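Everything below concerns the one structure shown next.
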Amino acid sequence: NLSTVSEFVFVGLSDAPEIRLLLFVLFLLIYLATMAGNITLLIAISTDSHLHSPMYFFLGNLSLLDLLCPTITVPKMLGALLLEHKEISFSGCLFQHFSLIAVVGTEIFLLTVMAYDRYVAVCHPLRYPSIMSTKLCAQLATGTWATGFLNSLLHTSLVFTLSFCGPNKIQQYYCDIPPVLALSCSSTHSRELVILLVAGVLGSGACAVTVVSYIYILLEILAKNSPGIWHKAFSTCGSHLTVVCLFYGTTICTYVRPSSTYSPQWDRVVSMLYGMLTPLLNPIIYSLRNKEVKCALKRVISQVT
């Protein structure tokens, strides 16, 4: 007899008690470090007048996303490691899935907006304040969040309107698209195609804008070829370019593939790289490569201590 699934069970990272405790301590420390780094960066951007510019406004949005991303998945994973609470309700899984895809999508579009911001800063420095006005920055930020949520609404509706009446063990530590699709007792082929098509169009479009922005930046640098231009351009764009490569690398490995290539063990590793390591490294990358951020962070830390 087949019955409708009311809850899912995460397979988890390990069944050995000693390994679970070690993983719990490790991931808890990473999560706390991620929270501390991004919260400190947000405080620095909001309180330091030197950082009240479009670039840091978008960086503040990125830090907020990097706070949300691990918070959606890590607490549940920590509970499963420490207390073996691996169950999640159907509605809880739906909400987790929607929230995570919304954050991932928003970050893709935000990084694209940040690439355009860097293009204007390098190629049109004199017109930068007038082009990247407060109004335009607010509209771009609102647009990235709205598009991310609408994209997530589409993906979530495609996945969770399927029938789930058989196995309920999710081969992952959170509700992600491939492992949830694998549990459906409905045909998922057509919906997988729609998901891949939408993700492909939006992702490739965002990637194309980012690549074109950096091509124009490169052409501008080669045209001027003045002393110190390479160092100045790298200091302006280096942090963003590093974050983009890190984000796209882990996201493509996680999502841009059919479910036939799904490997639970490999996907758990890649998901941790995206879900935990990237939000931890982003504030570090911007702090190490940016003197203004360094100074602002030092002022924040000195005020706290």
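Observations on the structure shown:
- Qualifying residue in the range 89-103 (condition: at pLDDT 90 or above, assigned to a strand (DSSP E or B) and open to solvent by 20 Å² or more (accessible area, probe 1.4 Å)): yes
- Residue within the range 249-263 that is modelled with pLDDT of 80 or more and open to solvent by less than 50 Å² (accessible area, probe 1.4 Å) present: no
- Scan of the range 32-83 for residues that are polar (S, T, N, Q) and open to solvent by 30 Å² or more (accessible area, probe 1.4 Å), ordered by number: 40, 46, 47, 49, 53, 71
- Residue match in the range 152-160 (condition: open to solvent by less than 30 Å² (accessible area, probe 1.4 Å), under 20 Å from residue 279 (Cα atoms) and modelled with pLDDT of 90 or more): yes
- Residue identified as touching a residue at least 12 places away in the same chain (Cβ under 8 Å) and in a helix (DSSP H, G or I) among 196, 150: 196
- Of the numbered criteria (1) touching a Ser or Thr at 6+ places or on another chain (Cβ under 6 Å); (2) part of a helix (DSSP H, G or I); (3) buried (at least 20 other Cβ atoms within 10 Å of the Cβ), the one residue 174 fails is (2).
- Complete set of residues in the range 210-237 that are among the small types (Gly, Ala, Ser), surrounded by 16 or more Cβ atoms within 10 Å (Cβ to Cβ) and modelled with pLDDT under 85: 233
- Lone qualifier among 157, 184 - being more than 22 Å from the chain's Cα centre (by Cα) and either not in a helix (DSSP H, G or I) or not basic (Lys, Arg) (or both): 184
- Which numbered condition residue 167 fails, given (1) without any contact (Cβ under 8 Å) to a residue 40 or more places away in the chain; (2) closer than 27 Å to residue 9 by Cα; (3) open to solvent by less than 70 Å² (accessible area, probe 1.4 Å): (3)
- Test: residue in the range 12-26 that is in a helix (DSSP H, G or I) and polar (S, T, N, Q): no
The values are calculated or read from the model by the stated rules, or taken from the named source; none is laboratory data. Just so you know, these numbers come straight off a predicted model, no measurement behind them. Here Cβ is always computed from backbone atoms with ideal geometry, including for glycine, and neighbour counts include all displayed protein chains. With ligands, DNA and RNA removed, areas are computed over all heavy atoms of the protein, side chains included. Shrake-Rupley method; radii C 1.70, N 1.55, O 1.52, S 1.80 Å.
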